Amino acid sequence: MSLRPRFAEAILDGTKTVELRRTRLSAPDGTHLILYASSPVMAVVGTAVIVGRDTDTPARIWRRHRKHVGLLRPEYDEYFDGSELATAVYVGDPRRLATPWPLSALRDTAKFQPPQSYRFVSDDDPAQLRNLVPAYPQ
């Protein structure tokens, strides 16, 4: 899952327990997330687990989850501008990697492209990423 660095950090330090998406998330509860911090960090920084989700209108999602999303209302409104639905993904069990894995190092071992939003781990991904999750979809 790609995240802005500040949101990846907030998940890892436990202050952000809800990640927002403009679309529904097809991954089931219990799915392990690999947290990729986008530019300027451009590295895998940790993992977490999906523990639930809530999809509704942006206004209703804000009312229910505003204390856990790590955004101010103007940022939230800008992100969901034009969207009919918002998905709140509950994340738990955050674990920080001892040393972040830079994108350049991941590309040294396999063809790797970070997702725009999220994607499942595949056989083509670097082994160190595949080993971060107990089992990944084949």
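Numbers below:
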item	result
Area accessible to solvent at Thr99, 1.4 Å probe radius, in Å²	90 Å²
Sparse-neighbour loop sites [GluC sites (Glu not before Pro); segment 1-106; at most 16 other C-beta within 10 Å; DSSP]	Glu84
Listed residues Arg95, Arg130 arranged by accessible area, highest first, probe 1.4 Å	Arg95, Arg130
Relative compactness, the chain, computed as alpha-carbon Rg over 2.2 N^0.38 Å	1.04
With DNA, RNA and ligands ignored, accessible area of Arg63 (1.4 Å probe; Å², nearest 10)	150 Å²
Separation of the Arg130 and Asp77 label points, Cα + 7 Å toward Cβ, nm	4.8 nm
Paramagnetic reach from Arg63 in segment 80-119 [backbone N under 17 Å; point 7 Å along Cα→Cβ]	84-88
Probe 1.4 Å, accessible area per residue of the chain, Å²	56 Å²
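The values are calculated or read from the model by the stated rules, or taken from the named source; none is laboratory data. None of these values were measured; they are calculated from a predicted model. For neighbour counting, all protein chains shown are included, and Cβ atoms are generated from backbone atoms with ideal geometry for every residue, glycine included. The accessibility values were calculated without ligands, DNA or RNA, using every heavy atom of the protein model including side chains. Shrake-Rupley method; radii C 1.70, N 1.55, O 1.52, S 1.80 Å.
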